[in-house]
Amino acid sequence: MKKQPQIAVDLRFLLAHPAHFIALGFGSGLPKVAPGTWGTLAALPLFALLQYFFTPLTIALLCIPAFIIGTWAAELTGRNLGVSDYGGIVIDEIVAMWLVLCIAPPTILAWVLAFVLFRVFDILKPWPIRWLDQYVKGGFGVMIDDILAAIFAMIPLYLLRAYL
């Protein structure tokens, strides 16, 4: 069980600093139940909006500065909460899901499969994802294990593209 913060993670905390707003997934990380799933769901309409303006390759490249900003936001928010990997920090799910969606065909079935595959790998954390989650700490640790879960999800999604 993950350690819980001693302060309230609410709308006031969310809006107290831009890093909190980013790390908590623009509010999608506030629910107490399954915040990672809510953060992953928030990635879908955000990706659809990005896709309106950019190609999937450009979005994948935008994930690099998003990863850097997410690392900073997760680090600062975790420090302010006193919990380095608080479950409500979901910017990692958002950026990772964007990567998965970059290779998904633009169909409902493909997006559902992308969502399910990413959540499975993010929750089960097979090696080396689990190792990264346990031993790499701070904002970088928060972000990197989800990027690896995204890569794991992208492999079967890529292999199934022709059927989606």
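The values are calculated or read from the model by the stated rules, or taken from the named source; none is laboratory data. Fair warning: this is a prediction, and the values are worked out from it, not measured in the lab. Every residue, glycine among them, receives a Cβ derived from its backbone with ideal geometry; neighbour counts consider all protein chains shown. These accessible areas exclude ligands, DNA and RNA; they are computed on the full protein's heavy atoms, side chains included. Shrake-Rupley method; radii C 1.70, N 1.55, O 1.52, S 1.80 Å.
Screening region 85-103 for residues that are part of a helix (DSSP H, G or I) and touching a Pro at 6+ places or on another chain (Cβ under 9 Å) and picking the one that is nearest to Asp145 (Cα to Cα) gives Glu93.
Scanning region 29-56 for residues that are of a type in the set (Ser, Thr, Tyr), open to solvent by less than 80 Å² (accessible area, probe 1.4 Å) and not in a loop (DSSP other than H, G, I, E, B) gives Thr37, Thr40. Pick out the one residue from Ile151, Ile103 that is at pLDDT 95 or above, over 19 Å from Gly25 (Cα atoms) and out of contact with any Leu (no Cβ under 7 Å at 6 or more places or on another chain). Criteria check complete, one pass: Ile151.
Number of residues in region 57-81 that are touching a residue at least 40 places away in the same chain (Cβ under 8 Å) and either open to solvent by 50 Å² or more (accessible area, probe 1.4 Å) or not in a helix (DSSP H, G or I) (or both) equals 5. Figure legend. Inter-residue proximity from region 122-146: first residues in a loop (DSSP other than H, G, I, E, B), second residues surrounded by 17 or more Cβ atoms within 10 Å (Cβ to Cβ) and among the polar types (S, T, N, Q), beta-carbon distance below 7 Å, spacing 6+ or different chains. Indicated pairs: Lys137/Ser84. Residues in region 114-131 that are aliphatic (A, V, I, L, M) and surrounded by fewer than 20 Cβ atoms within 10 Å (Cβ to Cβ): Val116, Val120, Ile123, Leu124.
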